[in-house]
Ligand SMILES: Cc1ncc(COP(=O)(O)O)c(C=O)c1O
């Protein structure tokens, strides 16, 4: 490993970072994170902070889970790679598929298709949704419905159903046949409707209207996150996902739950769908499936979908997959992570610590006028929307947001910015004292606005 001077000198010189301006990264060098322990990270200057981001909504078990690390290391020596394309498989892949279907059985999921991450899992679901309808003799069902403010990764399929325009405009034209409904976002919506339940009913009514307009027999699937993450931690009314389930059933549309963030305990339940009492037809997962220790995702299929593929003629073949689908090292990480996730019962801690973080932010809103909206209260996903004026809800400018971010970091917590939102998703193993550290760091950071 080169020395620190080399790292500082070469930082962002040859590496284009995701989700940022390459020139800006050269001028404002990214923080170099050199180590991590428990739920804290340490940068190149030796500054240690609580990671309120959980890596990127993914390090559910914290940074020190030796069981998962050992499983990965052992598998590297046993079999570092072999293809799972037609004709071969490997022991951890078989074990991981069993563990995953057991974990998701209460959600009605019976089959796993492994991928390398969330974007892959989303696109796998979208593609297989179209094939499902072809196999059932409805090849015209090709369109997709989704929600504004939704985030479904950056492949062309996922970007096309994405509901934030900053992830779309530079890459248009996107996939034709994708239509967006308003987000269940009480703080800002086109109906000026602050009541979450009434807003849910309005969006459901719009869904019916749009489906009738498009022609129900032209729509393959509706995709939604149980709680919208990157869009600002937008928590729908508890009725919303159930209403959409009922509409999908009425019109023969598949419901895809994008559980890339919400799966594996983050909402205080093992999945977001279970949290809202809904069984989807497909699920996209990633992140917490290996706690971020190895890049793995899984697209999951319910019985109804599995039956159609497994009893089809040759057209049921899945001509889709990735070199690293069912990667033995990734699969070993999945088996160990699922076992640890359940042994540590992280969902229970997520519920309690999530409540503490949310309540603490509501208290801070009483003190800092720039807090326009606090969202969360369902496990360890908390969003704080900052405004320069509460009445007009004017979003706080980017320079002030960056100042808040840096001051918070210096005071002891790494948070994430998503436009004028502060997004938090710490490891699910976080302690009460560490949540208090995040809150006091934010108190200092907000005062620096
Ligand atoms: C809900 C959701 N879907 C899909 C993705 C894409 O996952 P990845 O970045 O692993 O491709 C993300 C990433 O944050 C996500 O939050």
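The values are calculated or read from the model by the stated rules, or taken from the named source; none is laboratory data. Here the structure is a predicted model, which means the values were calculated and not measured. A quick note on method: Cβ atoms are made from the backbone with ideal geometry, for glycine too, and the neighbour counts reach across all protein chains shown.
Residues that are more than 16 Å from the ligand (Cβ to nearest atom), closer than 30 Å to residue 343 by Cα and part of a loop (DSSP other than H, G, I, E, B): does segment 88-99 have at least one?
yes
So, in segment 41-75, of the ones that are touching a residue at least 24 places away in the same chain (Cβ under 8 Å) and in a strand (DSSP E or B), which residue ends up nearest to the ligand (Cβ to nearest atom)?
The qualifying residue nearest to the ligand (Cβ to nearest atom) is 51.
Which of the residues that make up segment 164-180 are touching a strand residue (DSSP E or B) at 6+ places or on another chain (Cβ under 6 Å) and in a loop (DSSP other than H, G, I, E, B)?
The answer is 177, and nothing else.
For (1) touching a residue at least 12 places away in the same chain (Cβ under 8 Å); (2) in contact with a helix residue (DSSP H, G or I) (Cβ under 8 Å, 6 or more places away or on another chain); (3) away from the ligand (no atom under 15 Å from the Cβ), each residue gets a yes or a no:
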| residue | (1), (2), (3) |
| --- | --- |
| 288 | yes, yes, no |
| 301 | yes, yes, yes |
| 304 | yes, no, yes |
| 310 | no, yes, yes |
| 335 | yes, yes, yes |
| 342 | yes, yes, yes |
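Residues that are under 25 Å from the mean Cα position of the chain (by Cα), within 30 Å of residue 96 (Cβ to Cβ) and at pLDDT 95 or above: which helices (runs of 4 or more DSSP H) entirely in segment 337-449 hold 3 or more of them?
Qualifying helices (runs of 4 or more DSSP H): 346-365.
Scan segment 323-370 for residues that are at negative phi and in contact with a strand residue (DSSP E or B) (Cβ under 6 Å, 6 or more places away or on another chain) and jot them down.
325, 357, 358, 361, 362, 365, 370
Condition check: touching a residue at least 12 places away in the same chain (Cβ under 8 Å), more than 16 Å from the ligand (Cβ to nearest atom), in the same structural domain as residue 121 (by TED's automatic domain parsing) and over 22 Å from residue 281 (Cβ atoms). Does residue 201 satisfy that?
Yes.
From the set of residues in segment 123-163 that are part of a loop (DSSP other than H, G, I, E, B) and more than 13 Å from the ligand (Cβ to nearest atom), which is nearest to the chain's Cα centre (by Cα)?
148
Can residue 230 be described as within 16 Å of the ligand (Cβ to nearest atom), surrounded by 23 or more Cβ atoms within 10 Å (Cβ to Cβ) and closer than 30 Å to residue 422 by Cβ?
yes
Restricting attention to segment 109-122, and to residues there that are surrounded by 24 or more Cβ atoms within 10 Å (Cβ to Cβ) and in a helix (DSSP H, G or I), which single residue is nearest to the ligand (Cβ to nearest atom)?
Within segment 109-122, the match that is nearest to the ligand (Cβ to nearest atom) is 118.
Is it the case, given these coordinates, that residue 184 is part of a loop (DSSP other than H, G, I, E, B), more than 14 Å from the ligand (Cβ to nearest atom), surrounded by 14 or more Cβ atoms within 10 Å (Cβ to Cβ) and not assigned by TED's automatic domain parsing to the domain that holds residue 381?
Considered against the rule, which asks whether it is part of a loop (DSSP other than H, G, I, E, B), more than 14 Å from the ligand (Cβ to nearest atom), surrounded by 14 or more Cβ atoms within 10 Å (Cβ to Cβ) and not assigned by TED's automatic domain parsing to the domain that holds residue 381, residue 184 comes out as yes.
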